[in-house]
Every structure is written in structure tokens, then in C-alpha cells.
Amino acid sequence: MKRIEVKIAGMNYVLKTDEDEEYIMKIANYINKKMSEVVANEPQLSTSLSAMLTAFLVADEYFKHLLECDEKLSKIGVESEKYQKEVEEYKEKLKVAEEKILLQSQEIEKLNEIIQNLNQELEKTKQELEKTKKELDDFINAFDGDR
């Protein structure tokens with residue numbers, strides 16, 4: 001532990017602490033400022049009564065800040081729940097969209113198979129047509145050759 005000397009209301013105090021000296025000095029300066037405000041407003045008070053009133057005012061600020069923090073945390077909690085619900089809704093919408101995409105992908109695959117089969121059929125029909133046309137040309141040529 002280190003020893004840190006602070007001055008509050010004109011009196012020196014030595015504190016033993018593990019805290020950072022800059023932090024301790026910040027606290028001491030804050031208390032000294034508050035005590036100076038109390039003494040300025042109530043100069044007839046003794047040092048002990050001034051210290052008590054200062055402690056009361058600091059505690060008042062502390063509890064008000066705690067209340068404010070609790071209110072903010074409560075508000076954040078409500079907002080967090082709201083956002084969590086929205087996230088869940090979007091997850092559900094995403095799941096539905098993914099299912100639709102899967103179904104549409106399957107439908108596209110089926111249609112591609114149909115197109116491929118129709119193309120094969122078309123190619124077969126073209127070949128048959130070419131064969132029939134050649135046979136017809138051969139028949140016509142053979143008929144013309146007989147005349």
C-alpha cells in the first residue's frame with residue numbers, strides 16, 4: 001500500500017491505498033470543492049458539521065446518480081428486449097425466405113431438366129426431320145430419274 005497526502009478544507013490527511021494517486025487526488029479535490037461550497041453557504045458551521053453536510057450532499061449526488069443509472073439500465077433493458085424481438089422476427093423472416101429460395105431452386109432445377117429433355121427431343125425431331133427430308137428427296141430423285 002502507498003501513502004498519499006491530500007488536503008481537504010485546509011487540513012492535510014495521509015491515506016493508505018492501493019489506488020492510483022491521480023484518482024485519489026481527483027476524489028480529494030472533489031470533496032474539497034464540495035466542502036468549500038458548504039462553508040461558503042454556511043460559514044457559521046463547525047468543521048465537523050460542514051464535513052457531515054458535505055458527506056450528506058455527496059451521498060445525495062451518489063444516490064441520485066445510482067437512480068439515474070438504474071433508470072438508464074431499465075430503459076436499455078426494455079430497448080434490448082425490443083431489439084431482441086426484432087432480431088427474432090428477422091431470423092424467422094430469413095428462415096422463411098431461405099425456404100422459399102430452396103423451393104424455387106428446386107423448381108428451377110426441375111424446369112432446367114424439362115428444358116434439357118425438350119432440347120433433346122427437339123434435336124431428335126430435327127434429326128428425324130432431316131432423315132425424312134433426305135428420304136423424301138431420295139424418293140423424289142428416284143421418281144424423277146424413272147421418267
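The values are calculated or read from the model by the stated rules, or taken from the named source; none is laboratory data. This is a predicted model, so every value here is computed, not measured. Protein only, heavy atoms only, side chains kept; ligands, DNA and RNA dropped before computing areas. Shrake-Rupley method; radii C 1.70, N 1.55, O 1.52, S 1.80 Å.
Values for this structure:
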read-out	value
Value of [θ]222 nm, deg cm²/dmol, for the chain, DSSP H segments ≥ 4, -39500 (n - 2.57) each, nearest 500	-31000 deg cm²/dmol
Centre separation in Å (Cα based) which lies between segment 53-74 and segment 4-50	19 Å
Accessible-area composition of the chain, carbon plus sulfur, in percent [1.4 Å probe]	57 percent
Accessible solvent surface per residue of the chain, calculated while the other protein chains remain in place, 1.4 angstrom probe, Å²	90 Å²
Order of exposure, largest accessible area first, which applies to Ile108, Ile4, Ile31 with probe 1.4 Å	Ile108, Ile31, Ile4
Nearest-ten-degree value, helix 47-146 long axis tilted from longest Cα axis of the chain	10 degrees
Listed pairs Lys34/Lys64; Lys16/Lys64; Lys26/Lys72; Lys34/Lys72 exceeding 20 Å between Cα atoms	Lys16/Lys64; Lys26/Lys72; Lys34/Lys72
Cα shape, segment 15-70, gyration tensor, a/c 1.5 rule	oblate
Shape category assigned to the chain from the gyration tensor of Cα positions, a/c cut at 1.5	prolate
